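The values are calculated or read from the model by the stated rules, or taken from the named source; none is laboratory data. Note that the coordinates shown come from a computational prediction; the quantities given were computed from them, not determined experimentally. Please note: Cβ atoms are built from the backbone with ideal geometry, for glycine as well, and neighbour counts cover all protein chains shown. Ligands, DNA and RNA are excluded from the accessible area calculation, which covers all protein heavy atoms including side chains. Shrake-Rupley method; radii C 1.70, N 1.55, O 1.52, S 1.80 Å.
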Amino acid sequence: MAAIDLDLDWMLPCLVLYEHVDAACPVPVPPPLPFSLIQQKPLIFRGSALPFEPLAEDEVLQLAGIDTEFVLISPEKVEATGSRVIRPAQWALARLSCVRGDGDKQDVPFIDEYIAQEEPIADCLTAVSGISKSDLEVAHSKHYLVTAKSALLKLLWLVERGVKFVGHGLAKDFRVINMMVPPDQVIDTSKLFHLEKRRVVSLQFLVWFYLEERIQESCHDSVDDARAALKLFRWYDAHKQEHGVHSLEQQLERMYEKGEELQWTLPAL
């Protein structure tokens with residue numbers, strides 16, 4: 001059962017738990033996850049140097065940039081008439097990247113893991129994800145390969161400690177991996193840089209317009225995208241403090257005007 005998106009068109013709850021408000025024995029709260037989860041060994045890693053610097057046990061982290069890549073397990077199935085979806089598309093987490101958002105090691109990644117798949121992959125979407133099937137296979141992967149459970153427990157450990165996540169389109173990402181993150185721990189740049197009833201702007205365009213940088217030129221790299229989201233948030237926060245909300249709204253209007261002028265395509269170099 002989905003933890004945060006119970007769609008009654010597809011699923012029905014099979015168990016409902018009621019608790020009396022005056023119950024003498026409330027539902028027990030599980031103990032916090034141990035730091036040893038962060039130190040779990042991968043299924044396989046054939047490299048000579050880690051592609052990230054793991055968190056230290058005494059390291060204090062308040063902000064983390066995050067980006068994920070997914071693969072398609074099964075495509076959406078619709079009726080022959082095309083009028084109704086019979087089965088929604090099924091996705092699986094394929095890569096998880098987190099970078100430090102503060103501290104002495106700001107922007108240094110502390111998680112960059114590829115996820116071994118338990119089910120056959122229908123489409124890796126390599127053009128946008130940068131993922132190939134061999135990246136996720138124990139026998140062939142050259143990356144830091146872990147199980148989905150290991151990766152998600154690391155995320156849950158961060159959630160428990162109140163770390164705030166900065167990323168682009170995080171509502172969808174957390175919904176797909178079926179994890180509930182408190183709203184006050186989510187900073188989504190797709191919502192910060194958005195005007196009501198207007199299109200959601202890509203991370204690539206926002207980075208080009210506000211930071212005068214280019215990302216995703218060949219394919220997506222989740223570490224680069226996580227860093228880019230952090231940079232955008234810092235720009236937003238600094239501009240808001242220095243110039244106020246009205247100036248931000250003017251900046252957003254100019255961004256939308258430029259996007260429509262360019263048809264949301266970056267100009268050639």
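From 36, 97, grab the single residue that is buried (at least 16 other Cβ atoms within 10 Å of the Cβ) and among the hydroxyl-bearing types (Ser, Thr, Tyr).
Answer to the check: 97.
For the range 164-176, enumerate the residues that are in contact with a helix residue (DSSP H, G or I) (Cβ under 7 Å, 6 or more places away or on another chain) and open to solvent by less than 50 Å² (accessible area, probe 1.4 Å).
Result: 165, 166, 167, 168, 169.
Determine which member of the set 121, 111, 86 is of a type outside the set (S, T, N, Q) and either over 25 Å from residue 216 (Cα atoms) or free of Cβ contacts under 8 Å to residues at least 40 places away in the same chain (or both).
Only one candidate passes the filter, namely 86.
Is it the case, given these coordinates, that residue 96 is within 20 Å of the chain's Cα centre (by Cα), part of a loop (DSSP other than H, G, I, E, B) and not β-branched (Val, Ile, Thr)?
Taking the combined requirement at face value, the residue does not satisfy it.
Got a number for residues in the range 177-220 being crowded, with 20+ Cβ neighbours inside 10 Å and acidic (Asp, Glu)?
1
What number of residues in the range 221-243 are open to solvent by 20 Å² or more (accessible area, probe 1.4 Å) and either closer than 22 Å to residue 129 by Cα or small (Gly, Ala, Ser) (or both)?
Residues that pass the stated criteria total 5.
Taking the conditions exactly as written (crowded, with 23+ Cβ neighbours inside 10 Å and out of contact with any helix residue (DSSP H, G or I) (no Cβ under 6 Å at 6 or more places or on another chain)), does residue 131 satisfy them or not?
Answer is yes for this residue.
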